[in-house]
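To keep things clear, I will list the structure first and then write my remarks on it.
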Amino acid sequence: MDTAFNCTQCGKCCHNLHIPLSVREAHEWLSRGHKIKILTEAIPWVKGYSSTDEVLMRKESMTFEGVSGELSIRVMVTLVGYFSDGCPNLDLNQNCTIYESRPLTCRIYPFEMNPKIILDPNNKLCPSEAWQLVKSNQKPSNQLFLIDLQTKNNINKIYADSIQDVRLKELLCISLEIKACSLSNNGYLFHHVDQLKLLEIINKITSNPNASIKDTEKSIDWMIYSLSTKTLEDLNALGSHASYPEPELVDKMLKKTREFISLIP
Ligand code: SF4
Ligand code: SF4
C-alpha cells in the first residue's frame, strides 16, 4: 500500500517564511516591491577535490570557489524572499495572486529537494488531513509519498537554476562587497542590503552575465562567522579567518531552518 499527499489549501505555507529564489525569481520578487535577503554559507573544500558522491557533486555545482585565509572553501549563496505574517502576494481571501507565476519553491512544498532527506510530515506545516496514511504502520519516506511528475520537474528546474546562477551570485557578492558567511550546517548568515541597489545590480549582471571579474576582485578572503567556540577553534586551526560575529550580526545568524519552507541542499 502507499501513502499520498493532498494539499488542503490551508495556506499555512504562505506565512512567516523565507523562500529560496533563483536570480530570475528574485528579480521578479523585488520588482513587485517585496523584500529579499542574501544568505551566504561556506563549505570547507579540498581544492581540486572531485567527489563521486551525488550530494557533494551537486553542492560543488551550485557553489563557487573561495578562500578563507588558508582554508579552501566553496561558497553557497541563496537569495531568499521573506515576510512575517502573510506573504505579500496573498489577497484578502488568502489566495495567491501570482499563482501561475509563483516561485518554484512554493510549487514543491512539502516535498524535499534532497532525495536523501526522508519526508517527515511532522516537520511540515500541512495539517494532518493532508497526509493520507494508507499504510499507517509504515514509516514515511519520500518513496512512500507519491511525487507527481510536475513536482519532480520543478525540483530538477530548481537545481538547474541554482547551477546556472552560480556565476551571477558570485558577481552579486563582488558587486555588493559581501565577504562574510556562516559555516554550512552551522547556522545561517543573512545580509540585508539596499533593495533598490540589489535590483539595480541584478539588472546589471543579468544583462551581462559574462562580465569579467578582475583578478583582484576574484579573490575574496571570506570571513566565516560562527556562534560555536569549538567550531571557531577548529576553523582557526585550519588557517581560516573565522570569528564570533559582531553584536550587530548576531541576530542575523539563524540557528534553525524551521522558517524555511525548503532549502536548496
Ligand atoms: S508566492 Fe504565492 S504560493 Fe508562494 S508563499 Fe506567496 S502566496 Fe504562497
Ligand atoms: S501547508 Fe500544505 S496543505 Fe496547507 S496549503 Fe501549504 S502545501 Fe497545502
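Paramagnetic label reach from Lys204 (point 7 Å along Cα→Cβ; backbone nitrogen cut-off under 20 Å): within segment 164-189, residues 165-180. For Ser101 and Lys47, a Förster radius of 41 Å and the Cβ-Cβ distance give a FRET efficiency of 0.55, rounded to the nearest 0.05. Centre-to-centre, using Cα atoms only, segment 110-128 and segment 1-67 are separated by 15 Å.
Distances between placed amide hydrogens fall under 5 Å for Ser182 paired with Thr40, Glu41, Ala42, Leu189, Tyr225, all partners being 5 or more residues away or on another chain. Dividing the mean sequence gap of close Cα pairs (under 8 Å, 6+ apart) by how many residues segment 3-254 holds gives a relative contact order of 29 percent. Please name whichever of His18, Leu149, Leu56 sits farthest to the positive end of the charge dipole of segment 3-254, dipole taken about the Cα centre and charges placed at Cβ: Lys and Arg +1, Asp and Glu -1. It is Leu149.
For segment 1-104, state which trypsin sites (Lys or Arg not before Pro) are in a DSSP loop and have at most 15 other beta carbons lying within 10 Å of their beta carbon. Mind dumping the intermediate values first?
On the way: sites: Lys12, Arg24, Arg32, Lys35, Lys37, Lys47, Arg58, Lys59, Arg74; in loops: Arg32, Lys35, Lys47.
Here the sparse-neighbourhood loop sites are Arg32, Lys35, Lys47.
The loop-placed GluC sites (Glu not before Pro) in segment 1-109, going by DSSP, that have at most 14 neighbouring Cβ atoms within 10 Å of their Cβ come out as Glu70.
Once a ≥ b ≥ c are taken as the square roots of the eigenvalues of the Cα gyration tensor of segment 38-86, is the result rounded (a/c under 1.5), prolate (a/b larger than b/c) or oblate (a/b not larger than b/c)? Don't skip to the answer; put the middle values down first.
Numbers: a/c = 3.96, a/b = 1.78, b/c = 2.23.
It is oblate, given that a/c is not under 1.5 and a/b is not larger than b/c.
Give the percent of DSSP beta bridges with both residues in segment 3-254 that are antiparallel, rounded to the nearest 5. Mind showing how you got there, number by number?
Numbers: 29 of 38 bridges.
Bridges in segment 3-254 are about 75 percent antiparallel.
If a/c stays under 1.5 just call it rounded; otherwise compare a/b with b/c (prolate if a/b is bigger, oblate if not). Do that for segment 1-126, with a ≥ b ≥ c from the square roots of the Cα gyration tensor eigenvalues. Oblate is the answer for segment 1-126, as a/c is 1.5 or above yet b/c matches or exceeds a/b.
No value in this document is a laboratory result; all are computed from the given coordinates. Predicted, not measured: the structure shown is a model, and the values here were computed from it. Cβ: placed from backbone, ideal geometry, glycine included. Neighbour counts: every protein chain shown.
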